1. Among the residues of region 27-58, write down those that are in contact (Cβ under 8 Å) with a residue 60 or more places away in the chain, surrounded by fewer than 19 Cβ atoms within 10 Å (Cβ to Cβ), among the aliphatic types (A, V, I, L, M) and not in a strand (DSSP E or B).
2. Scanning for something under 18 Å from the mean Cα position of the chain (by Cα) and either in contact (Cβ under 8 Å) with a residue 60 or more places away in the chain or within 27 Å of Asn91 (Cβ to Cβ) (or both), does region 152-168 turn up at least one residue?
3. Could you please let me know if Ala210 is surrounded by fewer than 14 Cβ atoms within 10 Å (Cβ to Cβ) and assigned to a helix (DSSP H, G or I)?
4. Report yes if some residue within region 85-93 is modelled with pLDDT under 85, surrounded by 17 or more Cβ atoms within 10 Å (Cβ to Cβ) and out of contact with any His (no Cβ under 9 Å at 6 or more places or on another chain); otherwise report no.
5. Within region 110-123, does at least one residue satisfy the condition of being without any contact (Cβ under 8 Å) to a residue 60 or more places away in the chain, within 29 Å of Arg205 (Cβ to Cβ), surrounded by fewer than 18 Cβ atoms within 10 Å (Cβ to Cβ) and not hydrophobic (A, V, I, L, M, F, W, C)?
6. So is Ala190 assigned to a helix (DSSP H, G or I), within 17 Å of Leu20 (Cα to Cα) and within 19 Å of the chain's Cα centre (by Cα) or not?
7. Just to be sure, is Arg201 within 15 Å of the chain's Cα centre (by Cα), surrounded by 13 or more Cβ atoms within 10 Å (Cβ to Cβ), more than 21 Å from Gly118 (Cα to Cα) and among the basic types (Lys, Arg)?
8. Say we look at region 138-182 and pick out the residues that are polar (S, T, N, Q) and surrounded by 13 or more Cβ atoms within 10 Å (Cβ to Cβ); which of these is modelled with the lowest pLDDT?
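The values are calculated or read from the model by the stated rules, or taken from the named source; none is laboratory data. It should be emphasised that the depicted structure is a prediction, and the values quoted were computed from it without experimental measurement. Ideal geometry is used to build each Cβ from the backbone, glycine not excepted, and the neighbour counts take in all protein chains shown.
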Amino acid sequence: MTQPTDLGSTPEIARRGLMLVLSSPSGAGKSTIARNLLEFDPSFSLSVSVTTRKRRTSEIDGVHYRFVDKAEFDLMRAGEGLLEWAEVHGNFYGTPKAPAEKAMREGRDMLFDIDYQGALQLQEKAGDDVVSIFILPPSMQELKTRLLRRAEDSAETIAIRLTNAKVEIERWRDYDYVVVNDDLDRAFQAVRAIIAAERLRRERRPGLEAFTAALLAQEVE
């Protein structure tokens, strides 16, 4: 994958952090794009979701998800320890509140790999701090091919994911941006371009007040 340039970061001008939400139907590529983003842009912190889903063989507890049972999940939800939560494919997913709040206080960008239900909750609670991107597959046939290639789900589970994918795709209008992942490198670069532009938004750069004041105060010889 092509190494992206670090666009949109101006160290001299302080800015607010952003909450980047990536959503997609299962198999459309959001988790791969998220991993690449974390590798190439260390300024992002990953929000590690908790889930009651069983761990896949390729997943590491505490890295891809924090795997918990239903009882522990219910305790976190009842104690308001989750920023958002949703039921997806018969399993529960949620975003722990404490790490997200800490990142925002410190002005760091945070990445959320969540579904549309969680994205809507996050948008309602965090408002303008959220930048949401929906990743679409180029076709339903390609989506099925990717799920089969992954070889981590049963035929029954894949059928459920394909059925639910149509429900999820219907929510594309709820997102700020939509990227079609027909080519992973192009899709990744599109996501990077969105981040670069969002980091440069005037309202996210409170440091511009001091910077422009100092600029106007300068004398030109």
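1. Leu38
2. yes
3. Spelling it out, Ala210 is indeed surrounded by fewer than 14 Cβ atoms within 10 Å (Cβ to Cβ) and assigned to a helix (DSSP H, G or I).
4. Within region 85-93, one or more residues are modelled with pLDDT under 85, surrounded by 17 or more Cβ atoms within 10 Å (Cβ to Cβ) and out of contact with any His (no Cβ under 9 Å at 6 or more places or on another chain).
5. For region 110-123, residues without any contact (Cβ under 8 Å) to a residue 60 or more places away in the chain, within 29 Å of Arg205 (Cβ to Cβ), surrounded by fewer than 18 Cβ atoms within 10 Å (Cβ to Cβ) and not hydrophobic (A, V, I, L, M, F, W, C): absent.
6. When the stated conditions are applied, Ala190 passes them.
7. Criteria not met by Arg201.
8. Result: Thr157.
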